[in-house]
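The values are calculated or read from the model by the stated rules, or taken from the named source; none is laboratory data. These figures come from a predicted structure and were not determined experimentally. Ideal geometry is used to build each Cβ from the backbone, glycine not excepted, and the neighbour counts take in all protein chains shown.
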Amino acid sequence: MKLSFGTALALLGIVFVAHPGEAQEHGATPTVLVIDASNSMWGRIDDKPKMDIARDAVSSLVEALPKGARLGLVAYGHRRAGDCNDIETALPVSAVDKSKVQAVADRLTPRGKTPITASLKEAANLLDSGKPGSVIIVTDGIETCQGDPCAAAEELKRKNARFVAHVIGFDVSALERPKLSCIADRTGGTFVAASNAGELGQALKATAQAKPKAAVVTRSIPLEAIEGGRSVPAATFTITRSGDAGVIAEGVSGSISLSPGRYRVSAVAGARTGQSEIEVTKDAPAKIVVVLSADLPKASLQPAKTSVPATGTLEVKWAGPNGKDDYIVFARPNGDALETRHYSYTHDGNPLKVRVPGEPGEYELRYVSDVSGAILARVKITATPVSATLDAPAKGTAGSEISVTFTGPNAAEDWVGLAKTGTDANTFEAGAWVYADNGSPARLRLPAEPGSYEVRYVSGLDPKILAAKKIEVVPASATVTAPARGMAGTTIRVGFTGTGGGDTFIGVVKKRAEEGSWISGAYERPEGQQVSLRLPSEPGPYEVRFVLESNGTYKVLASTPIDVEPAVGSVSAPDQVERGGEVTVAFDGPKGEGDFITIVPVGAAPDAFTDYQNASPDKSSVTLDAPEEAGAYEVRYVMMAPGEAGNLVIARKPLRVE
């Protein structure tokens, strides 16, 4: 099953509902969400960073949570590069506070490794032992910190039979999925492979109706390779479930934990290999034995260069068996996992292009057999340092736009943007950056907050600042002039000085409201030298403000107080009218946009209307059609000014329809 990422995460909202027989004292199954903020989350899907997609999905999830849901949140890889201990319990399990969850998601910046095993254990420790509880892991890659998440999941289930772990593999290759799906399989959870594909209505429905599964039971089975009747202790094994593309385990020896099913087990020792198809049941086999019966197939690699810039691509000619899922991959010579695996399948062509790691250094380019997991060929490759240049002004006004010219590798993850001076390579001002491959020059909005910043070119694959130039953001200024008082619903003229792009506005807000506050319908963009603003419907103390917006941050540059007085209106009409006749109504009032004169039954709601006419500024009277049914009515002046009050009836007169 493959779903859009947001859909996949939202679907798992089903885990928050207590299952029959598992009612909680708080009415819902406690759940811990584990969010991947490793460096690979800088990758893009449809030109949008995966981390941004994750934030949006978390927002959708918390909005859809049922009443009484209890949620905790664990994140990893967001504070330190290359640190397998960078795991944080950001929120303990408690009643969902949507603003807190979103605040945590918004502050996550991809930086580090992918310690899935340790994060799974940390999340499980937040749940009550022996009681129902769920973990949802959202990750775009497999374990990179030498843990065994499959074994950890099995152990957690053994300790608490009511524990369930779900996994969303976000943009995870078929090769890697079995190393994640085992977490769900061994705890009775659900694994979903997620992308941004949209046409998945049937899968959506099926998953939403899913019931808890029985956990897959495994047992440990010894592994042995033999040749000429003798055991070969140095052999390593690769295990694949029959019919699946992905590898369950590779390079293992000694024993393997497997659930019932059919498997292909390959063994390699030196240049010899063999494989066996086996059926695992609850009792058999007692041992998996593979006969080393053939030589490893030959393969070779011919890269276009053996020294190539980091973050780039390398063209590689190859020769080899071209097995169904054989691949060519970059790896560290010492076997340490790369945070982002850089590989291409041989079935995609010859020659192939393979992505070069972002960190300069010595690597191996390897041809890996899908059948045996053996490295059939390897070539040493040096990833050389890359450089960049940029040119930007030394000073700029808060909220203004600057042009930045630059040169650099222009790799897919590289970006040009603004950051506070002294921050690390993964830090940036929200909204004040663009991908380098969009081209030079880059147009950047300076932050609303004055201070010392840097314009940077950052290599995003393995984050590194390749070029930086200091820029001083100086305060922006503005003025506003407005009347000291005005009647609710009327329109005032506001003079101003100052400029600003984005969502900069001049508006009327409650006195002492937060800097980014506004009242719908009571603000305008600063164009020309004056704007017209309609005063809110509720009387009281307000301010007219000039508010600078830049990249989602708001700053009040100028304000002046204004007292909004209660709205006053009048209507004049006959006391009585015949059914279906015409009624001439004289009126006065704010005469703002949306205000109207109407005839309604006595006691009708404020937003009720039958025949009506707009109470526009160029009119002092209107003609309405009387109702066709006799009864007690009233003529109303209804004001539709900005604010929370909605429609307000500010004048009314009884009308008898005969």
Options Ala419, Ala467, Ala442: the member that is touching a residue at least 40 places away in the same chain (Cβ under 8 Å) and either touching a strand residue (DSSP E or B) at 6+ places or on another chain (Cβ under 6 Å) or in the same structural domain as Val508 (by TED's automatic domain parsing) (or both): Ala467
List the residue pairs whose Cβ atoms are under 9 Å apart, where the first residue sits in the stretch 334-362 and is within 11 Å of Gly312 (Cα to Cα) and in the same structural domain as Pro309 (by TED's automatic domain parsing), the second is assigned to a helix (DSSP H, G or I) and at pLDDT below 90, and the two are 6 or more positions apart or on different chains. Gly358/Asn39
Residue tally, condition assigned to a strand (DSSP E or B), surrounded by fewer than 19 Cβ atoms within 10 Å (Cβ to Cβ) and either free of Cβ contacts under 8 Å to residues at least 60 places away in the same chain or hydroxyl-bearing (Ser, Thr, Tyr) (or both), over the stretch 237-256: 2
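Yes/no per residue for (1) in a loop (DSSP other than H, G, I, E, B); (2) polar (S, T, N, Q); (3) surrounded by 15 or more Cβ atoms within 10 Å (Cβ to Cβ):
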site: Arg341; (1), (2), (3): yes, no, yes
site: Glu359; (1), (2), (3): yes, no, yes
site: Arg366; (1), (2), (3): no, no, yes
site: Ile381; (1), (2), (3): no, no, yes
site: Gly396; (1), (2), (3): no, no, yes
site: Gly399; (1), (2), (3): yes, no, yes
site: Thr405; (1), (2), (3): no, yes, no
site: Leu418; (1), (2), (3): no, no, yes
site: Asp437; (1), (2), (3): no, no, yes
Among the listed residues Asp52, Asp47, Asp97, identify the single one that is at pLDDT 80 or above, closer than 23 Å to Gly169 by Cβ and assigned by TED's automatic domain parsing to the domain that holds Ser119. Asp52
The stretch 305-320 - residue that is out of contact with any Pro (no Cβ under 8 Å at 6 or more places or on another chain) and assigned to a loop (DSSP other than H, G, I, E, B) and, of those, surrounded by the fewest Cβ atoms within 10 Å (Cβ to Cβ): Thr306
Any idea which of (1) assigned to a loop (DSSP other than H, G, I, E, B); (2) within 26 Å of Met41 (Cβ to Cβ); (3) not hydroxyl-bearing (Ser, Thr, Tyr) is the one Lys324 doesn't satisfy? (2)
Looking at the stretch 634-657, can you tell me whether even one residue there is in contact with a strand residue (DSSP E or B) (Cβ under 7 Å, 6 or more places away or on another chain), under 18 Å from Val577 (Cβ atoms) and in a loop (DSSP other than H, G, I, E, B)? no
Counted residues, the stretch 529-550 - those being surrounded by fewer than 19 Cβ atoms within 10 Å (Cβ to Cβ) and outside any strand (DSSP E or B): 3
Residue that is over 50 Å from the mean Cα position of the chain (by Cα), hydrophobic (A, V, I, L, M, F, W, C), closer than 16 Å to Val571 by Cβ and not assigned by TED's automatic domain parsing to the domain that holds Arg534, where the choices are Ala604, Ala586: Ala586
Considering each residue of the stretch 533-550, count those that are over 25 Å from Met640 (Cα atoms) and over 37 Å from the mean Cα position of the chain (by Cα), and give that number. 0
Selected residue (criterion: surrounded by the fewest Cβ atoms within 10 Å (Cβ to Cβ)) from residues of the stretch 267-294 that are closer than 21 Å to Ala319 by Cβ, touching a residue at least 24 places away in the same chain (Cβ under 8 Å) and in contact with a Ser or Thr (Cβ under 7 Å, 6 or more places away or on another chain): Thr273
Of residues in the stretch 285-324 being among the β-branched types (Val, Ile, Thr) and within 38 Å of the chain's Cα centre (by Cα), the one nearest to Arg272 (Cα to Cα): Val316
Any idea which residue in the stretch 551-572 is farthest from the chain's Cα centre (by Cα), counting only those that are more than 30 Å from Ala476 (Cα to Cα) and surrounded by fewer than 20 Cβ atoms within 10 Å (Cβ to Cβ)? Ser572
Thr623 vs. criteria part of a strand (DSSP E or B), polar (S, T, N, Q) and buried (at least 18 other Cβ atoms within 10 Å of the Cβ): no
Ala605: passes all of (1) assigned to a loop (DSSP other than H, G, I, E, B); (2) touching a residue at least 12 places away in the same chain (Cβ under 8 Å) but (2)
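Residues of the stretch 342-387 being acidic (Asp, Glu) and over 18 Å from Pro463 (Cα atoms), which ones?
Residues satisfying the conditions are Asp348, Glu364, Asp370.
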Some residue of the stretch 64-73 being on the phi < 0 side of the Ramachandran plot, assigned by TED's automatic domain parsing to the domain that holds Lys179, under 15 Å from the mean Cα position of the chain (by Cα) and at pLDDT 75 or above: yes
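hydroxyl-bearing (Ser, Thr, Tyr), in contact with a Ser or Thr (Cβ under 9 Å, 6 or more places away or on another chain), under 30 Å from Trp518 (Cα atoms) and not assigned by TED's automatic domain parsing to the domain that holds Pro539 - does that describe any residue in the stretch 625-639?
yes
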